[in-house]
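One structure below.
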2 protein chains.
Amino acid sequence: MNLKEFAKALNLSASTVSRALNDSHEISTKTKLRVLELAKEMNFEPNPFASNLRRQKNKTIAVVVPDITNHFFAKVIEGIESIAQEKGYHILIYFTLDSYLKEVATLRLLSNGRVGGIILSLSAETNNYDHIRELKKRNIPFVFFDRVCEEIEAAKVTTDNKTAAHQATKYLLERGCRRIAFLNFSEFTATSIKRKIGYIDALTQNNIEVDTALILNCSTNKKENIEALTHLLTTQKDVDAIFASSENLSIISYQVCESLGINIPQQIKLIGFSNMTLAAHLNPSFTCITQPAFEIGNEAATILFKSIEKPHIDYSDTLIQLNSSLVKRNSTN
Amino acid sequence: MNLKEFAKALNLSASTVSRALNDSHEISTKTKLRVLELAKEMNFEPNPFASNLRRQKNKTIAVVVPDITNHFFAKVIEGIESIAQEKGYHILIYFTLDSYLKEVATLRLLSNGRVGGIILSLSAETNNYDHIRELKKRNIPFVFFDRVCEEIEAAKVTTDNKTAAHQATKYLLERGCRRIAFLNFSEFTATSIKRKIGYIDALTQNNIEVDTALILNCSTNKKENIEALTHLLTTQKDVDAIFASSENLSIISYQVCESLGINIPQQIKLIGFSNMTLAAHLNPSFTCITQPAFEIGNEAATILFKSIEKPHIDYSDTLIQLNSSLVKRNSTN
C-alpha cells in the first residue's frame, strides 16, 4: 500500500496524511493521532526516506553551534525549530564544543550533501575560514548567526554587539565604576571583537584610560578561565566592575567572586551577556544584555528555507541585525 | 590522491591521518593542524563519506531528548559526546520538545538506518511504545536513559528516582513542612512515577496524609504550568513546601512565588530536581537533587558502542542505576 492508497482509505488527501505523519502544525492533533492509529491498524508503513533520498536531504537542515549549555544557543535552536516544524523540516544539531578542528570535521561531513542547508555559529577558536569557503564552492545553502565570519559573503543574522557593549559599559561608568575588567570570550570572532570595541569606545569617550591589564582574553576551558579571573581579581585590587562578554563568563564571574569573598555589587559590579531564564532570580539579580535569541533563530531559518527553495536567487548579501536589550538589576546597584 | 598516498607523503600512517582528520583525541593538536594544513596545500580532499556509506552510518549515532533548555539533558549530551569523540563517532541530536508525535516521527526517520544506534529519553507525553518496539524489530541498537520505558527490554541507564524523592520529601518533613505540594512533570514516564511514589511513601511513613489536591500533574506547556501552580498556591493557602520533579518546574516555582509575593523559604520551602550550574547562586540558593548527568551520558554511550561493535552479544538486560545527590541550600532553610 502506498501513501496515495492509504490516504484514499482514510478519505483524506495524500498531502494531509503526509503532513500528519510529519507532525506538521497545520494538522490537528486529533487528525494526526487518527492517521497514526490507522497506519498501525492497516499495517501501512510510510517509507518516504529510503525511496526518496533527494527528499530526505532537502527536508533536513543542520544547525552547527559551539555550546549546548549556553541558553542563548538553546533559544536560537528553539526559534529555528519553530520555523522548521512549520515547513516540515527536520533539524540536526551539531556541537563544535568551541573547537576549530571539530567545526572543520563537522562541516566536512555536512558538505557531502547529507543536509539541504546549514545554520552556523562559529567556534571561539575559528580563525581560518577555508572550511566555510568550501560550503560556498559546493553551493550548500548556509546562514550565519551571532558568531558570523565577516570575511565571507553569506546571509547573516546578528545583533548590535558594539552598541550593546557600549551601552553596558556606559551604564557601569554612570554607576561610578572606573576600573572595569572586560572578559573577552574570543580573540577571533567578530562578535567578541565588536563587544570589545564597544567597551573601549565607551571608556575613551568618557576619558577613562583603557588598561589592557583589565582585558582578559579567555579560552574555551572553564577551569582555565576561573584561574585567570581569580588571578586578575587578586592582582588588580582596584577592579570595581566586571563586564563578561558571554553567558559562560558571566556564570564564572558569580563563582569566582563568591570564592574570593567579593561582594557583588558592593565591591564589584557585574554586567554580562546572557539569556538565562533565571537572571532575575540570581543573588544578586543579574544585570544583563539579552539577545533576542528566539527571533534570531526565526530569521536565520526563514532565510535558509528561502535559499533552499529558491536556489536561483542569491541571498548571500542578506544582513539582518536585531537589537539586544539591557535589563538593569541588582548586580550593578 | 587517496588517503594512503597522502599519508605516505606526510610520512605518517594512514590510520594516524584518518584519526587526525576526524579530530580524534588520540592525535595531538599539533599533528592535526599539520595534517589539515598539508591537506589544504596538497589539495587533498578526504572524502570517506560519499564513498563509504556503511562507514558513515556506523560512525554516527543519534541522541533523542525531550528538551534542550534543561541542563540535565545538556550535560548528558556532553557525557555522550566525550565518549563518542574518543570512538570517532559523530552524534546527531534530535529534540522531541516533549511531543509524542514528534518522537514517533523522529524514530520513524531514524529507523531507516541513517545511524548506527540511538540513545533515547522519552517525551513526557509518551504513553504508547509501538515506535520503540519497531526499533527492536529492526535490530537498531538503542539505549534508554533517565526517562526509560519499563515495558520494553532494552539497555537502560537511570538514577535512584524513588530513593532521591523519598529523601527530599523526608528532608522537608524534618524541616517542619506538612503540606508539601508535588509538581509532577509527567503522568506517564517511569521517572516521574517513581519520584511521585518516593514522595508518597515518605509522607505515609511519617503519618502525613497524602492530599491529591497538592499533587499537580503538569503539562509540557510552560504557560499552562505557571497558571496551574498559581491556582494551586492561591487556593491551597496552607502549602508550606513545593517539591518540583523537574528542572523546568523548579524554575517555574521561583517565578510563581515571586509573582505572588511568596517568600522562599519563610513561607514556602522549595526543593527540586535540577542540574543548574548556578543553583548555589539563586536567591535563595536552591536545595536540589542533582543527577550525575555527565556520567549517565558516559554510561549510555559506552553500552551503545558495545552493542554496535558486538552485535552478537545481547545487551538488552543491562540496567545501570546511578545515585543522585541532595544538595541542601537556603531554599529549604
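The values are calculated or read from the model by the stated rules, or taken from the named source; none is laboratory data. Just so it is clear, the model here is predicted, and its values are computed rather than measured. Glycine also receives a Cβ, built like all others from the backbone with ideal geometry; neighbour counts cover every protein chain displayed.
Given the options B:GLU134, B:GLU125, B:GLU151, B:GLU81, name the one that is under 18 Å from the mean Cα position of the chain (by Cα), among the acidic types (Asp, Glu) and more than 15 Å from B:THR60 (Cα to Cα).
Working: B:GLU134 fails: under 18 Å from the mean Cα position of the chain (by Cα); B:GLU151 fails: under 18 Å from the mean Cα position of the chain (by Cα); B:GLU81 fails: more than 15 Å from B:THR60 (Cα to Cα).
One residue alone meets the criteria, B:GLU125.
Considering each residue of the range A:181-195 in turn, none proves to be buried (at least 24 other Cβ atoms within 10 Å of the Cβ), within 19 Å of the chain's Cα centre (by Cα), polar (S, T, N, Q) and within 17 Å of B:HIS281 (Cα to Cα). Every listed requirement among (1) touching a residue at least 60 places away in the same chain (Cβ under 8 Å); (2) within 20 Å of B:LYS269 (Cβ to Cβ); (3) in a helix (DSSP H, G or I) is met by B:GLY198 save one, (1).
Whenever a residue of the range A:251-269 is within 13 Å of chain B (Cβ to nearest Cβ), its partners that are charged (D, E, K, R), lying with C-beta atoms within less than 9 angstrom and at least six residues away or across chains, give the pairs A:ILE251/A:LYS222; A:ILE252/A:LYS222; A:ILE264/A:GLU258. Any residue that is surrounded by 23 or more Cβ atoms within 10 Å (Cβ to Cβ), within 11 Å of chain B (Cβ to nearest Cβ) and either under 23 Å from the mean Cα position of the chain (by Cα) or modelled with pLDDT of 85 or more (or both) - is there at least one of those in the range A:32-55? Checked against the condition, which is being surrounded by 23 or more Cβ atoms within 10 Å (Cβ to Cβ), within 11 Å of chain B (Cβ to nearest Cβ) and either under 23 Å from the mean Cα position of the chain (by Cα) or modelled with pLDDT of 85 or more (or both), the range A:32-55 yields at least one hit. Taking the conditions (1) in contact with a Leu (Cβ under 7 Å, 6 or more places away or on another chain); (2) surrounded by fewer than 20 Cβ atoms within 10 Å (Cβ to Cβ); (3) not polar (S, T, N, Q) in turn, A:ALA244 satisfies each one other than (2).
Would you be able to tell me the number of residues in the range A:270-329 that are aliphatic (A, V, I, L, M) and out of contact with any strand residue (DSSP E or B) (no Cβ under 7 Å at 6 or more places or on another chain)? Let's see the steps before the verdict.
Kept after step one, since they are aliphatic (A, V, I, L, M), are these residues of the range A:270-329: A:270-271, A:276, A:278-280, A:282, A:289, A:293, A:296, A:300-301, A:303-304, A:308, A:313, A:319-320, A:322, A:326-327.
Next, from what is left, pick out any that are out of contact with any strand residue (DSSP E or B) (no Cβ under 7 Å at 6 or more places or on another chain): A:276, A:280, A:293, A:313.
Of the residues in the range A:270-329, 4 are aliphatic (A, V, I, L, M) and out of contact with any strand residue (DSSP E or B) (no Cβ under 7 Å at 6 or more places or on another chain).
Quick check on the range A:270-298: of everything there that is crowded, with 22+ Cβ neighbours inside 10 Å and away from chain B (no Cβ under 13 Å), which residue is farthest from A:ASP238 (Cα to Cα)? In this case the residue turns out to be A:ILE296. Per the listing B:SER316, B:SER325, B:SER285, B:SER331, the residue uniquely among the polar types (S, T, N, Q), out of contact with any His (no Cβ under 8 Å at 6 or more places or on another chain) and at pLDDT below 95 is B:SER316.
Which of the residues that make up the range A:56-68 are surrounded by 18 or more Cβ atoms within 10 Å (Cβ to Cβ) and either modelled with pLDDT of 75 or more or more than 9 Å from chain B (Cβ to nearest Cβ) (or both)? Spell out the reasoning first.
The first filter runs over the range A:56-68 and keeps only residues surrounded by 18 or more Cβ atoms within 10 Å (Cβ to Cβ), leaving A:56, A:59-68.
If the condition is that a residue be surrounded by 18 or more Cβ atoms within 10 Å (Cβ to Cβ) and either modelled with pLDDT of 75 or more or more than 9 Å from chain B (Cβ to nearest Cβ) (or both), then A:LYS59, A:THR60, A:ILE61, A:ALA62, A:VAL63, A:VAL64, A:VAL65, A:PRO66, A:ASP67, A:ILE68 are the ones that fit.
Consider B:PHE145 carefully, then state whether it is among the aromatic types (Phe, Trp, Tyr), surrounded by 23 or more Cβ atoms within 10 Å (Cβ to Cβ), within 11 Å of another protein chain (Cβ to nearest Cβ) and touching a helix residue (DSSP H, G or I) at 6+ places or on another chain (Cβ under 9 Å). Here the answer is no, as B:PHE145 does not meet what is asked. Number of residues in the range A:119-142 that are touching a helix residue (DSSP H, G or I) at 6+ places or on another chain (Cβ under 6 Å) and more than 11 Å from chain B (Cβ to nearest Cβ): the value is 5.
Looking only at the range A:109-130, count how many residues are farther than 20 Å from A:ALA300 by Cβ and surrounded by 20 or more Cβ atoms within 10 Å (Cβ to Cβ). Please lay out each step first, then the result.
Taking the range A:109-130 and keeping what is farther than 20 Å from A:ALA300 by Cβ, we get A:109, A:112-113, A:125, A:127-128, A:130.
Filter once more, so that each one left must be surrounded by 20 or more Cβ atoms within 10 Å (Cβ to Cβ): A:125.
Result for the range A:109-130: 1.
Among the residues of the range B:73-107, those identified as more than 7 Å from chain A (Cβ to nearest Cβ) and in contact with a His (Cβ under 8 Å, 6 or more places away or on another chain) are B:ALA84, B:GLN85, B:GLU86, B:TYR94, B:GLU103, B:THR106, B:LEU107. Only one of the numbered conditions (1) away from chain B (no Cβ under 14 Å); (2) part of a helix (DSSP H, G or I) is violated by A:SER186, and that is (2).
Would you check if B:ALA228 is among the hydrophobic types (A, V, I, L, M, F, W, C), surrounded by fewer than 22 Cβ atoms within 10 Å (Cβ to Cβ) and either out of contact with any His (no Cβ under 6 Å at 6 or more places or on another chain) or more than 27 Å from B:TYR129 (Cβ to Cβ) (or both)? For B:ALA228, the condition - among the hydrophobic types (A, V, I, L, M, F, W, C), surrounded by fewer than 22 Cβ atoms within 10 Å (Cβ to Cβ) and either out of contact with any His (no Cβ under 6 Å at 6 or more places or on another chain) or more than 27 Å from B:TYR129 (Cβ to Cβ) (or both) - is met.
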